[in-house]
Amino acid sequence: MKKLIYTVLICFLILNVSNAQRLITTVKTPKWVTVPDTYDKSLPPLSLMSNDSKKTDMSINEIDAIQKYAEITYDATFISAPSVLYNCHSFAWNMSEQGIICWMGYETTTAEDIYWHTSDGGYMEVSTEAEASKVSYSKDNHSAVTTHTLGIVRSKWGDGPLYEHRIGDGPYIGMDSRKYYKLRVEIAEEDNDIPCYYQTKTFTSPSLNLVGATYTWSCSGNLETFSGQGTNTYTVRVNSTSGQLSWVQLDITHQNFSGDNTDISKTSSSTRKEFWVGPPVISNVSGPRYNPPGASAIYSATVEGITPASTYSWSLMPGTFNNYFNPGGLNCYVTWYRAGEYVLKVSASNQCPGTSSPYYYPVTVGGYLLLSPNPTTDNVQVTVLQSQSVSEDVLVNPTVTTESTSEKKATYNVSVLNTFGTVFYSSKKRKVCLQFRSTI
């Protein structure tokens, strides 16, 4: 019932104003696209230019009645007087960014949709009121702006006054059904180059149709502002010699028009633009740590953060020993022909001075039993490798126990053969136990 009473009051006011208006094309989205169906209602149509038709002002008593009713019924705070020159959509999407005074959506109910339905609108939907600067009530074709107080918005009620009110309460249907929007802030790199120590890099954000907006840039600690703070073009300089992932961020403060002297400005932040500076950093190498003789394996280097354009240098220590060693870029291909303990070493460089710190990756070749030295004409040492089915890749060595630990006694058949199957040595060993312990 209370909504019906307020609607009757609004209709009464509309009947007392002239429908003088002129279609205009000067209302633009933040990305400079013309908003359709907008009118200057302070001027008559071109066909009636000789007629001195203007809007009829509301009486003081009418204004006072509407104001008191809204305050009592909706606990709404009066901001500014009724006006037939602009409506809720124009206030929320256009005038709040200090746009011209006009009526938006006179013939349609979708004129304001251009602000978020297209890539040229300049706004994006967000999930919470806290992120938003605009609110759209789709069920009853209403718009509002958020304020610095969560749960309180500001909106124009038809031809009536501009009010501040609870976000879900007012003379409209379905005010609990709403969507939130914020300004879409974009950052682009002027080039894809990787800056080195004391070099600069420039970023730009599209010039937006926002009167009185302020641009505030920030950057990671390894960068410093070089120029452009407060503008849509920003240049940073690298102040660190180390390679690392870096970022810049742009915050745009907008929504300055409020209808009174109260500040309702909102700040919309971009997603941080990340980029690499300095020489690359290798954070990991992946690939099989244990291999039987004859096995082929691929080892891959992982570069921390965003992969910069780099040159990679692989080496095998000790030398290849007839192993097939084929490094290439981020990957290294090896076929292991000879048992032994090896270390893969990889480093990287780009156009910046210096290289990354080398990354060392140990590899063992030999299956479960490792015979060394091989070949030999004298004593040999046998190393036992833990099965790869065990969760940890660790190297274990046998230790010989005394006879007193009878519970650990075992019998082993030890044979030494060549690749043709010729047995060079065979013996049964008793009273010997292999106790496995990790050596790394």
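Scanning segment 324-350 for residues that are in a loop (DSSP other than H, G, I, E, B) and crowded, with 19+ Cβ neighbours inside 10 Å yields Trp336, Ala339, Asn350. Pairing each residue of segment 133-160 that is on the phi > 0 side of the Ramachandran plot with any residue that is aliphatic (A, V, I, L, M) and in a loop (DSSP other than H, G, I, E, B), provided the two are 6+ apart or on different chains, yields C-beta distances under 9 Å for Gly151/Ile167.
What tally of residues in segment 67-96 results from selecting those that are of a type in the set (D, E, K, R) and either crowded, with 24+ Cβ neighbours inside 10 Å or not assigned by TED's automatic domain parsing to the domain that holds Pro30 (or both)?
Our first condition is that a residue be of a type in the set (D, E, K, R); within segment 67-96, this holds for 68, 71, 75.
So of that shortlist, the ones also either crowded, with 24+ Cβ neighbours inside 10 Å or not assigned by TED's automatic domain parsing to the domain that holds Pro30 (or both) come out as none.
The total comes to 0.
Checked against (1) in contact with a Ser or Thr (Cβ under 9 Å, 6 or more places away or on another chain); (2) touching a residue at least 60 places away in the same chain (Cβ under 8 Å), Lys273 meets all criteria but (1). Please tell me if Ser138 is surrounded by 24 or more Cβ atoms within 10 Å (Cβ to Cβ) and not assigned by TED's automatic domain parsing to the domain that holds Thr271. In short, no. Note on segment 198-273: enclosed strands (runs of 3 or more DSSP E) holding 1 or more residues that are at pLDDT below 95 and surrounded by 16 or more Cβ atoms within 10 Å (Cβ to Cβ) are 244-254, 266-269.
Trp276 meets the stated requirement of being assigned to a strand (DSSP E or B) and surrounded by 19 or more Cβ atoms within 10 Å (Cβ to Cβ).
Say we look at segment 173-192 and pick out the residues that are touching a residue at least 12 places away in the same chain (Cβ under 8 Å), of a type outside the set (A, V, I, L, M, F, W, C) and farther than 24 Å from Lys139 by Cα; which of these is surrounded by the most Cβ atoms within 10 Å (Cβ to Cβ)?
To start, the set of residues in segment 173-192 that are touching a residue at least 12 places away in the same chain (Cβ under 8 Å) comprises 173-175, 177-190.
From what's left, of a type outside the set (A, V, I, L, M, F, W, C): 174, 177-182, 184, 186, 189-190.
From the residues that got through so far, the ones that are farther than 24 Å from Lys139 by Cα too are 184, 186, 189-190.
Details: Arg184: 19, Glu186: 14, Glu189: 13, Glu190: 11.
Per the criteria, the residue is Arg184.
Go through Glu125, Glu107 for me and flag whichever is in a strand (DSSP E or B) and out of contact with any Ser or Thr (no Cβ under 8 Å at 6 or more places or on another chain). Show your work before the answer.
On the way: Glu107 fails: in a strand (DSSP E or B).
Among Glu125, Glu107, only Glu125 is in a strand (DSSP E or B) and out of contact with any Ser or Thr (no Cβ under 8 Å at 6 or more places or on another chain).
Given the structure, is Val145 touching a helix residue (DSSP H, G or I) at 6+ places or on another chain (Cβ under 7 Å) and assigned by TED's automatic domain parsing to the domain that holds Thr262? Against the criterion (touching a helix residue (DSSP H, G or I) at 6+ places or on another chain (Cβ under 7 Å) and assigned by TED's automatic domain parsing to the domain that holds Thr262), Val145 does not qualify.
Of all residue pairs spaced 6 or more apart or on separate chains, those with beta-carbon atoms under 6 Å, a first member in segment 115-129 that is on the phi < 0 side of the Ramachandran plot and in the same structural domain as Glu97 (by TED's automatic domain parsing) and a second member that is modelled with pLDDT under 95 and of a type in the set (Gly, Ala, Ser) are Tyr115/Gly121. Among the residues of segment 158-194, those that are of a type in the set (A, V, I, L, M) and in a loop (DSSP other than H, G, I, E, B) comprise Ile167, Ile173, Met175, Val185, Ile187, Ile194.
The values are calculated or read from the model by the stated rules, or taken from the named source; none is laboratory data. Computed from a predicted model, the values in this text were never measured in an experiment. Glycine also receives a Cβ, built like all others from the backbone with ideal geometry; neighbour counts cover every protein chain displayed.
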